[in-house]
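First up is the structure itself, then whatever we jot down about it.
The values are calculated or read from the model by the stated rules, or taken from the named source; none is laboratory data. Please read these numbers as outputs of a predicted model, since none were measured by experiment. In this analysis, Cβ positions are derived from the backbone assuming ideal geometry, glycine residues included, and neighbour counts consider all displayed protein chains.
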Amino acid sequence: MNLSDFFTQNPEAAIAFSGGVDSAYLLYAAVQCGVRVRAYYVKSAFQPQFELDDGLRLAQQLEADLKIIEADVLALPTIAANPPDRCYHCKRLIFEAIAREACADGFSLLLDGTNASDEEDDRPGMRALKELSVQSPLRICGLTKSEIRRLSREAGLFTWNKPAYACLATRIPTGETITEGKLAATEAAEDYLTALGFTDFRVRRMGDTAKLQVQADQIEKVMANRERIMQELKRYYTAVLLDLEPRGREKSKVYCGRKQDEQ
């Protein structure tokens, strides 16, 4: 089955939309196939502003229908306490919110952007998708991440080379309570490094300390901007550390049910 076949069989659908590579291409394919589709973006304390900005930009490019829903993820103790299965509880809350809104809008089918490269065992959120009968067309059609990037590039989508991004909560160690203040500090620190030209990096929290994880070819850039980075990030953290093991080569560690190097 290909996406055209899928949407021929399912001419109406709601899409859980994050503004990332996968859900962006799924929305593009649905629009191209002429189905009645509406994308739903859930705005929460876990999502940085740039993700919403990218989502709005993509929806405008495709002339697609996008609806923004707000969710108070920290109001749920099983999320704020940051247990090992936090992702499951968060995913469940988010997709339940989308399902309610989509149902009220007349959609009975809810789709998400999980692709054929996503390992089910590493994603506790997959359990929530199964429980709520969310379908994943990209996975069903066997489309891998690399294929989706290629197809997105051919389609002229600006998201084609967007780095993989995990929510702000993944920067806080499992078992440490998540607060709006900690999330805001993470977002501000990562926004600053992005403005300096860093890409595909993380600012992880270790107590009140920030640990920078960057690509191997950007370590020298950190050192060249050391004073500026220290001055800015010490507005939010008591100390700033640089992980000398390049991002992407970290030892396999479990972080919220997934390998840390995928975060």
Selection from region 130-139 of residues that are surrounded by fewer than 17 Cβ atoms within 10 Å (Cβ to Cβ) and in a helix (DSSP H, G or I): LYS130, GLU131
Residues being closer than 21 Å to LEU76 by Cα and not in a helix (DSSP H, G or I) - total across region 183-198: 0
Checklist (1) farther than 22 Å from SER133 by Cα; (2) modelled with pLDDT under 95 applied to GLN32, failing item: (2)
One residue from ARG149, ARG228, ARG202 being touching a residue at least 40 places away in the same chain (Cβ under 8 Å), on the phi < 0 side of the Ramachandran plot and outside the structural domain of ASP22 (by TED's automatic domain parsing): ARG202
Residue among ARG100, ARG127, ARG92 that alone is in a helix (DSSP H, G or I), buried (at least 17 other Cβ atoms within 10 Å of the Cβ) and not polar (S, T, N, Q): ARG92
When residues of region 103-124 are limited to those that are among the hydrophobic types (A, V, I, L, M, F, W, C) and either surrounded by 22 or more Cβ atoms within 10 Å (Cβ to Cβ) or touching a helix residue (DSSP H, G or I) at 6+ places or on another chain (Cβ under 7 Å) (or both), the one modelled with the lowest pLDDT: ALA116
Residues satisfying the stated conditions in region 226-238, i.e. out of contact with any helix residue (DSSP H, G or I) (no Cβ under 9 Å at 6 or more places or on another chain) and either closer than 20 Å to LEU183 by Cα or surrounded by 14 or more Cβ atoms within 10 Å (Cβ to Cβ) (or both): MET230, GLN231, LYS234, THR238
Tally, over region 155-182, of residues that are out of contact with any Pro (no Cβ under 9 Å at 6 or more places or on another chain) and assigned to a helix (DSSP H, G or I): 11
